[in-house]
Amino acid sequence: LVGNELLDEQHEQAFEMLQAATRVLSDSAPSLSHFHGYLEYFLSFLELHFATEETILAKNSCPTLAAHKMEHDSMLQAMRVRRVAAMGGAVDNARLLEFMSDLVMRHVPEVDLPIKAYMR
């Protein structure tokens, strides 16, 4: 937890979205269109979450805001590239899900928690 109710709720939502996408892919006959819907929603959610986080960091004069924003931008760009490839059928959806999970599971503890004092 970073100590900000809104951001902590959004982090929990991201984890729940990953679990839902995992359930879709674990079905014996997964609905890839359903998974791609989750992918679109996940990307939109990340864009909103990162904007919210950056606004809070700016309000609290976080000294590493520029680097944090660059990290967000990099993650969003990587996600957009993978989304386009997945929609075109050029990506293994299970590997894409693994990427999404790594993205969230790494970002929160490694990037957000060290600056949680600026997220309140």
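The values are calculated or read from the model by the stated rules, or taken from the named source; none is laboratory data. All figures in this text were calculated on a predicted structure; none of them were measured in a lab. All Cβ positions, glycine included, derive from the backbone under ideal geometry; neighbour counts span all protein chains shown. Heads up: the accessible areas ignore ligands, DNA and RNA and are worked out on the full protein's heavy atoms, side chains in. Shrake-Rupley method; radii C 1.70, N 1.55, O 1.52, S 1.80 Å.
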Subject >> Electrostatic dipole magnitude of the chain [Cβ: Lys, Arg +1; Asp, Glu -1; Cα centre; debye, to 20] >> reply: 240
**OP:** Could you please report the charge total around Met119, scoring K, R as +1 and D, E as -1 over all other residues with beta-carbon less than 11 angstrom from its beta-carbon?
**Re:** -2
Original post:
Over the chain, what is the relative contact order in whole percent, taking alpha-carbon pairs under 8 Å and six or more residues apart?
Top reply: 42
**OP:** Please give the contour-minus-distance gain from Asp102 to Ser61: 0.36 nm per residue of separation, less the Cα-Cα distance, rounded to one decimal in nm.
**Re:** 11.9 nm
**OP:** Kindly express, to the nearest 10 degrees and within the range 0 to 90, the angle between helix 93-107's C-alpha long axis and the longest C-alpha principal axis of the chain.
**Re:** 10
Original post:
Cα gyration tensor of the chain, axes a ≥ b ≥ c as square roots of the eigenvalues: rounded (a/c below 1.5), prolate (a/b > b/c) or oblate?
Top reply: prolate
Original post:
Looking at Ala90, Val104, Leu7, which one has the Cα that reaches farthest to the positive end of the dipole of the chain (charges on Cβ: Lys, Arg +1; Asp, Glu -1)?
Top reply: Ala90
Original post:
Cα gyration tensor of the stretch 26-74, axes a ≥ b ≥ c as square roots of the eigenvalues: rounded (a/c below 1.5), prolate (a/b > b/c) or oblate?
Top reply: prolate
Original post:
Hey, what angle do you get for helix 65-87 against the long axis of the chain, alpha-carbon based, 0 to 90 degrees rounded to 10?
Top reply: 10
Original post:
Where does helix 32-59 land angle-wise versus the long Cα axis of the chain, in degrees 0 to 90, nearest 10?
Top reply: 0
Original post:
Can you give the accessible area of Thr22 in Å² (nearest 10), computed on protein heavy atoms with a 1.4 Å probe?
Top reply: 70
Original post:
When the helix-only estimate is applied to the chain (DSSP H runs of n ≥ 4, each -39,500 (n - 2.57), divided by the residue count), what is the mean residue ellipticity at 222 nm, nearest 500 deg cm²/dmol?
Top reply: -25500 deg cm²/dmol
